[in-house]
Amino acid sequence: MSGMYIHRASAFTGEANADINLIKEEIRRYTRENFRRVNRFILLSLLGALQCIDRQPLEAATAVYLTTEDGNLGETADVLDEIYTSRTLPRPFGFINTMSNTAAFYLARNLGIRGRNITVSSRHLSFERGLELLKTDFTCGAEQSALIGGVDESSLARMNREEPAGRGWRTVDGSGWLYVKSEKEGACAAFTQILSFRDGPSCIRWIRERERSPVDVVSFGAMIGDDEAAAFREILRPAAEFDYLGEYGYSGSATACGVSLFVRLFQAKTLLHLNKDQRGSYAVIELERY
């Protein structure tokens with residue numbers, strides 16, 4: 001695949017329902033801008049991406065790919081409550097902020113970048129689908145540098161009945177980001193495979209036929225059950241497993257956080273990450289940490 005080199009990575013996982021002022025305080029470590037009339041989702045997006053860049057200058061053409069399972073549903077619920085329960089008009093900025101892509105707008109404005117600005121959501125595979133889009137844009141030359149991240153609030157993860165239950169994961173606010181360029185110089189890691197499969201057998205066939213060296217580390221997304229994970233381990237026989245869900249908690253954007261955490265915590269290792277959606281479609285992310 002075309003070069004997709006990771007130059008910086010960050011992952012923020014915050015306690016459920018933590019004081020929003022604590023998030024604002026953390027953001028002030030990275031920017032002087034005072035963000036008013038914004039909600040938790042926007043602040044989480046800003047914090048994760050600003051941590052990733054850490055005041056380093058970006059090319060003006062840098063793109064933003066924001067992926068999310070639930071987006072600004074927390075703000076949307078408040079607005080609907082104002083309209084239908086309180087029988088009042090919603091606050092103007094509250095109404096505007098129901099659009100999830102406003103978070104990417106605030107981020108691009110703060111960083112002074114003017115590249116394409118896209119928000120992606122695809123049930124259970126939002127980050128993977130965002131990566132696939134970024135891969136296509138890099139391949140055709142539409143983009144050469146991008147910030148890609150996954151952001152979700154903890155409260156919505158608990159409310160969503162489709163999410164895996166009984167796995168013992170604590171729910172957290174999640175904001176994981178990567179700064180990706182087509183240029184290898186200065187990179188700390190690289191994506192080597194970003195693939196999708198229509199079903200489990202197709203995914204297993206690819207794993208059995210892959211000609212790459214053995215996997216150093218394997219990770220599983222939230223929809224991969226214990227029995228299925230055991231079957232994948234038997235085939236892959238990895239040297240280690242990175243259980244980021246058990247160690248750092250679950251959010252709708254846990255995959256983005258898990259991949260970012262791998263880049264930050266591991267060195268000279270390869271990662272194979274497997275996940276699926278409720279329809280049985282599978283997604284594989286493979287990367288190499290230098």
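The values are calculated or read from the model by the stated rules, or taken from the named source; none is laboratory data. Being a predicted model, the structure only gives us computed values, none of them experimental. We place every Cβ from the backbone using ideal geometry, glycine too, and count neighbours over all the protein chains shown. Protein only, heavy atoms only, side chains kept; ligands, DNA and RNA dropped before computing areas. Shrake-Rupley method; radii C 1.70, N 1.55, O 1.52, S 1.80 Å.
When the residues of region 88-98 are filtered to those that are part of a loop (DSSP other than H, G, I, E, B) and either surrounded by 15 or more Cβ atoms within 10 Å (Cβ to Cβ) or modelled with pLDDT of 80 or more (or both), which remaining residue is farthest from the chain's Cα centre (by Cα)? Result: THR88.
Residues in region 127-145 that are in contact (Cβ under 8 Å) with a residue 24 or more places away in the chain, open to solvent by 50 Å² or more (accessible area, probe 1.4 Å) and not in a helix (DSSP H, G or I): GLN144 only. Could you say which residue among SER281, SER251 is within 14 Å of the chain's Cα centre (by Cα) and of a type in the set (S, T, N, Q)? From the options SER281, SER251, the qualifying one is SER251. Considering only region 264-286, how many residues are within 17 Å of GLY149 (Cβ to Cβ) and surrounded by fewer than 23 Cβ atoms within 10 Å (Cβ to Cβ)? Counting residues in region 264-286 that are within 17 Å of GLY149 (Cβ to Cβ) and surrounded by fewer than 23 Cβ atoms within 10 Å (Cβ to Cβ) gives 2. For first residues located in region 81-107 and closer than 15 Å to ARG40 by Cβ, partners that are modelled with pLDDT under 70 and surrounded by fewer than 16 Cβ atoms within 10 Å (Cβ to Cβ) and lie 6+ apart or on another chain with Cβ distances below 9 Å form the pairs THR102/ILE96. For region 63-75, check the following and say yes or no: at least one residue is farther than 30 Å from CYS140 by Cβ and of a type in the set (Gly, Ala, Ser). Checked region 63-75: at least one residue is farther than 30 Å from CYS140 by Cβ and of a type in the set (Gly, Ala, Ser).
For every residue, the table says whether it meets (1) crowded, with 16+ Cβ neighbours inside 10 Å; (2) touching a residue at least 24 places away in the same chain (Cβ under 8 Å); (3) more than 15 Å from LEU272 (Cα to Cα); (4) among the aromatic types (Phe, Trp, Tyr).
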| site | (1), (2), (3), (4) |
| --- | --- |
| LEU178 | yes, yes, yes, no |
| LYS181 | yes, yes, yes, no |
| GLU185 | no, no, yes, no |
| CYS203 | yes, yes, no, no |
| GLU209 | no, no, no, no |
| PRO214 | no, yes, no, no |
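Checked against (1) open to solvent by 30 Å² or more (accessible area, probe 1.4 Å); (2) assigned to a loop (DSSP other than H, G, I, E, B); (3) not hydrophobic (A, V, I, L, M, F, W, C), HIS124 passes all but condition (1). Which one of these is in contact with a strand residue (DSSP E or B) (Cβ under 9 Å, 6 or more places away or on another chain) and touching a residue at least 24 places away in the same chain (Cβ under 8 Å): LEU22, LEU58? None of the other options fit; the residue is LEU58.
Looking across region 32-64, the residues that are modelled with pLDDT of 95 or more and polar (S, T, N, Q) come down to SER45, GLN51, THR62.
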